[in-house]
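Contents: one structure, followed by commentary.
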4 protein chains.
Amino acid sequence: MATLDPGIGEKFSRRTKRAINHDGSFNVRRRGGPHRFDAYQWLVQMDWGPFIGVVVLFFGVLNAVFAAIYLLLGLENLPGVTTPRGAWQDFLSALFFSIQTFTSVGYGHVYPGSNGAGLVSSLEALVGVLTFALATGLLYGRFSRPTARIHFSNTAIISRRPDGTPSLQFRIANQRSNILIDLQARVLVKTIEPGTSNQKYAFLPLERDAVSFFPLSWTIVHDITPESPLYGYGPEDYQAQDVEIIIQLKGYDDTFAQDVHARNSYTHEEIEWHRRFIRAYEVDDDGIAVIDLDQLHRTEPLED
Amino acid sequence: MATLDPGIGEKFSRRTKRAINHDGSFNVRRRGGPHRFDAYQWLVQMDWGPFIGVVVLFFGVLNAVFAAIYLLLGLENLPGVTTPRGAWQDFLSALFFSIQTFTSVGYGHVYPGSNGAGLVSSLEALVGVLTFALATGLLYGRFSRPTARIHFSNTAIISRRPDGTPSLQFRIANQRSNILIDLQARVLVKTIEPGTSNQKYAFLPLERDAVSFFPLSWTIVHDITPESPLYGYGPEDYQAQDVEIIIQLKGYDDTFAQDVHARNSYTHEEIEWHRRFIRAYEVDDDGIAVIDLDQLHRTEPLED
Amino acid sequence: MATLDPGIGEKFSRRTKRAINHDGSFNVRRRGGPHRFDAYQWLVQMDWGPFIGVVVLFFGVLNAVFAAIYLLLGLENLPGVTTPRGAWQDFLSALFFSIQTFTSVGYGHVYPGSNGAGLVSSLEALVGVLTFALATGLLYGRFSRPTARIHFSNTAIISRRPDGTPSLQFRIANQRSNILIDLQARVLVKTIEPGTSNQKYAFLPLERDAVSFFPLSWTIVHDITPESPLYGYGPEDYQAQDVEIIIQLKGYDDTFAQDVHARNSYTHEEIEWHRRFIRAYEVDDDGIAVIDLDQLHRTEPLED
Amino acid sequence: MATLDPGIGEKFSRRTKRAINHDGSFNVRRRGGPHRFDAYQWLVQMDWGPFIGVVVLFFGVLNAVFAAIYLLLGLENLPGVTTPRGAWQDFLSALFFSIQTFTSVGYGHVYPGSNGAGLVSSLEALVGVLTFALATGLLYGRFSRPTARIHFSNTAIISRRPDGTPSLQFRIANQRSNILIDLQARVLVKTIEPGTSNQKYAFLPLERDAVSFFPLSWTIVHDITPESPLYGYGPEDYQAQDVEIIIQLKGYDDTFAQDVHARNSYTHEEIEWHRRFIRAYEVDDDGIAVIDLDQLHRTEPLED
């Protein structure tokens, strides 16, 4: 069986988890060294909920700090604030002034009435506009990042061609209505050398490894011919060798005008035997092909 | 006839509309599943009229909501508003204050005079600056999206070469004054298997499938030699087999500094027989080649 | 002589100017049809002087229009403006208020005191922030557009190799300190068929058609062997056939992280005969190679 | 020994420093000519410390200039400034007003009370918003610039394969947790022709010149077979010929969605003889591969 490490590693001291998770990430951790934490990437890739939380928290904390500075200077530096009415109310008054400065609203019913307040509020105004400049870039970065939202069938199947050849199949569809062009697939299989935790890799030749367009669904097929590294394997071999089917997709996204990539894998537990896919699209009365993404996973047993 | 599904699908339960519309879209609909609605892409790709409508509507509704909140708090929280003069005038006063906060103008003749108003206006100021940060990204996204504005002749023609070989031809020109580099064309034909609604595809070899530059027009020619999948077909064959000529173009845009793509198709109804194209450019007195985009579609009958 | 139209056109009714100008543009004009004027591209590609002029003009005109509207409404709608003191002073007062609204400064010593003024100023504030959102995108678009600033020698030369083979040479250097990677050159020659105005093209094979890095200068060399389309030509042939050497360069810019392209051409008037280039770089005391861009054009006669 | 100048230059009047520094830069200087200073690139590529310094300096100087103009006009043009109290206090008052205008805070307790002040403050407000538009683009440009943070082992080693073949090896790891796809390596060796300062180049064939993924580390290996340009060389040959191993890496960054490049080199002083690398990753209890970046450099002597 030909082997070619795709960069995931061959020799391990013990068994590893699946190489690639369903979200395309690797089961790898970094330690020591000059590891870079990239705040921009972290903020661009996090989900919207946490992102809004970070923004609000950052906005709140920064303004609370500036409010505290105004309090330390003394509220008499901020004419327009009504006479002190207790610590909490004073803090709120300073906080509101801070926010009005930070966002550059600057109503002016409260204003900096001393050099100290003038200096701090000048600094805060600068920090404010630069913060929103940053936020602009972050929001644009979040939106404009091209990501392929490719929907994979939940399982791969071992099916059979009309001529009797067994084949490994899985199916993909585009979750978004953008068009992917020249979509290419590369599939390889990872196995464990029996009795060791060493990993071997082999490419699986595909019936068709690229499509010009990808408007509907695409069933990716590897014929298990005698040349296939999976030839003659039964379910127990898949389990014994910890088989993992690794998929790499690459295409050009016509709306983002950039190449996009997707990765996924099927472990031996995610392979159904002796099944076939049910067609996931039909033609409606207007002659429009309609794909049903819920049907993407639907398989049925092969008749014998 | 060689067949190669370019990803559009081969087996259909009934006849479909043309595969590709003149704007490059596919006649496909998505249903069910985790279909992603991508607000950013929707806003970036919509026309300018609707886009401005969405912006104004969003701005209006959001400020009306904040105005309603100020009204609920009571206008006595907004010193500077002249004594209440009826519900409509009160709403307008609250709306103007809201807009002055949202856009961070903050004249200050009206200002938040209570903790409640201070809090709401602080929040609104934050929402406002973030909204405009978003708008910045959207506008940039709209403008910087590279799109090839390639103008196709309205019809393809069946013409004849000087040596008598019949050929399928169509003509393209660049609507914009930017330069496309290394423009590549790929043309295929979709036919219906007679008596079924199954589709077959075949690539059409071209006289020249790429040009280094694209300043003028380009006549794309497929010679209908005995090897051509269209050899010997007459107009009635084109109709019976529901012929559709599918075109995919790809080039590098020198001003956007990115690859751009274009798609189009001609159905059998959009093919003119026994015609030839009239030259669409001439050289003016300064030695400048002038292309007339209106002439791009002009054909004349072949003399026999 | 092999011919291959690179997309510039072969058959012309009369002689055309050079195909490519020194700035990489083509001598082509567009007429009629749905020609797209692309305001964004126009603003992104114009020089800085005119660009700033357009910005200031736009800012001035838009604010003058809004000032006129405030005047039409009546300055009594803008409390804080001191009693009317003549048309010019009134206009200036309205203009300053307009600018304070447009830029969202909003000092508030003048403020909208009626529904009419409230509405117009709300609209202006929205237009203002959206305008600056647009300006942000334009400025970023101007700066982030990758352009290769490749400096070409003023002339190409006909030189001679040590073994006596004549060769066509020209020299390029990078004007910027960014690094170009995998820079590729493609050179072709355009000739006129004697007695006609038809154009022929042929690629010129190069001694080396790519370099991995481009930190210094690169002398691009075409050996005029018997296989060369220029073999045996003298200066009078170059003139009679209106020879133009067309150059296309492509590389990856390491700082913009994008491919960049450059074009240029030498007409027969820009070719020096029987010269060679003088080396344009030396090594200083620190072992640093120093390239002198002024020397790029320096040639000397060949000794015979 | 085959030679192929990768664009670094072959003929030099004296010895040069290493071709490529550890940060990927070249030891080249530019002089004369229309050399372009690219302010945007300078600001985008500088470190964060100096960048913030430039921003603060720019903000300070510009506002000081505007403050000076307001002082020249006379503070009586800025109603709200309390009666003059000495030059320093006057300057501060003008400076605070300037900053409030520049950042479009515009509290309004100080406001332009004459045509002169109105004009200058209008201009300053425009300059201010455009400056922050610029800053937005700069910040986005800094963050969104894809850069490969590839960590190279401090030294290359001359090791030995199980079958006894000597080999040149070095090791790389990804400092960031982003995924690089289809990472390609190209390695060449630069030598000095003995007795001259002329440089020769040769590509070094690699055991494997690309990996599909790059989650862990990658040991890049050149077998020193009889075909290798380094065959038979000992440490003294490396020194005499001033050997430099030049590495060029290229891959697709899945988070930036763009190609990234990296360069590095090892001089003969950075090559360790007769060593081998110690494995830098292990599998933890969860089956996760853990790479220790500190171990990347760890080598041990070969047992003989």
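The values are calculated or read from the model by the stated rules, or taken from the named source; none is laboratory data. Model, not experiment: these values are computed from the prediction. Positions of Cβ are generated from backbone atoms using ideal geometry, with glycine treated the same way; all protein chains shown enter the neighbour counts. Areas reflect the complete protein model, heavy atoms only, side chains present, ligands, DNA and RNA absent. Shrake-Rupley method; radii C 1.70, N 1.55, O 1.52, S 1.80 Å.
Observations, loosely collected:
- Within segment B:160-178, the set of residues being without any contact (Cβ under 8 Å) to a residue 24 or more places away in the chain and surrounded by 24 or more Cβ atoms within 10 Å (Cβ to Cβ) is empty.
- Scanning segment B:83-105 for residues that are more than 16 Å from C:GLU124 (Cβ to Cβ), touching a Leu at 6+ places or on another chain (Cβ under 7 Å) and not aromatic (Phe, Trp, Tyr) yields B:PRO84, B:ASP90, B:SER93, B:ALA94.
- Of the criteria (1) over 30 Å from A:ASN198 (Cβ atoms); (2) touching a residue at least 60 places away in the same chain (Cβ under 8 Å); (3) not acidic (Asp, Glu), which one D:HIS268 fails: (2)
- Unique match (being farther than 27 Å from D:GLN248 by Cβ and touching a Phe, Trp or Tyr at 6+ places or on another chain (Cβ under 7 Å)) among D:GLY32, D:GLY74, D:GLY49, D:GLY80: D:GLY80
- Residues (open to solvent by 60 Å² or more (accessible area, probe 1.4 Å) and over 22 Å from A:GLU207 (Cα atoms)) located in segment A:229-239: A:PRO235, A:GLU236, A:GLN239
- Criterion violated by D:PHE12 - all others in (1) open to solvent by 50 Å² or more (accessible area, probe 1.4 Å); (2) modelled with pLDDT under 90 satisfied: (1)
- Of all residues in segment D:201-228, those satisfying the criterion of being in a loop (DSSP other than H, G, I, E, B), open to solvent by less than 30 Å² (accessible area, probe 1.4 Å) and not small (Gly, Ala, Ser) are D:LEU204, D:PHE214, D:PRO215, D:LEU216, D:ILE224.
- Here B:GLN239 meets each of (1) modelled with pLDDT of 95 or more; (2) outside any loop (DSSP other than H, G, I, E, B); (3) farther than 18 Å from B:HIS151 by Cβ with one exception, condition (1).
- Selection count, segment C:215-253, where residues are among the polar types (S, T, N, Q) and free of Cβ contacts under 8 Å to residues at least 40 places away in the same chain: 2
- Candidates are the residues of segment D:250-264 that are in a strand (DSSP E or B) and over 18 Å from D:ALA173 (Cβ atoms); the one that is most open to solvent (accessible area, probe 1.4 Å) is D:ASP259.
- Residue selected from segment C:15-74 under the condition small (Gly, Ala, Ser) and touching a strand residue (DSSP E or B) at 6+ places or on another chain (Cβ under 7 Å), by the criterion nearest to B:LEU139 (Cα to Cα): C:GLY33
For (1) away from chain C (no Cβ under 14 Å); (2) within 24 Å of B:ASP209 (Cβ to Cβ); (3) among the charged types (D, E, K, R), each residue gets a yes or a no:
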site	(1), (2), (3)
B:ASP259	no, yes, yes
B:ARG263	yes, yes, yes
B:HIS268	yes, yes, no
B:ILE271	yes, yes, no
B:GLU282	no, no, yes
B:ASP285	no, no, yes
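- The set of residues from segment D:265-297 being surrounded by fewer than 15 Cβ atoms within 10 Å (Cβ to Cβ) and either touching a Phe, Trp or Tyr at 6+ places or on another chain (Cβ under 8 Å) or in a helix (DSSP H, G or I) (or both) comprises D:GLU269, D:ASP294.
- Highlighted here are the strands (runs of 3 or more DSSP E) found entirely within segment D:120-181 that include at least 2 residues which are at pLDDT 95 or above, more than 8 Å from chain C (Cβ to nearest Cβ) and more than 17 Å from the chain's Cα centre (by Cα): D:156-160, D:166-174.
- Among the residues of segment B:99-115, not a single one is under 19 Å from B:LEU204 (Cα atoms), open to solvent by 10 Å² or more (accessible area, probe 1.4 Å) and more than 7 Å from every other protein chain (Cβ to nearest Cβ).
For (1) assigned to a loop (DSSP other than H, G, I, E, B); (2) at pLDDT 90 or above; (3) out of contact with any Gly (no Cβ under 9 Å at 6 or more places or on another chain), each residue gets a yes or a no:
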site	(1), (2), (3)
A:ASP5	yes, no, yes
A:TYR40	no, no, no
A:LEU95	no, yes, no
A:THR101	no, yes, no
A:PRO112	yes, yes, no
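- Scope segment C:116-159; condition touching a Pro at 6+ places or on another chain (Cβ under 6 Å) and either open to solvent by 20 Å² or more (accessible area, probe 1.4 Å) or polar (S, T, N, Q) (or both); matching residues: C:SER121
- Test: residue in segment D:85-94 that is loosely packed, with under 14 Cβ neighbours inside 10 Å and among the hydrophobic types (A, V, I, L, M, F, W, C): yes
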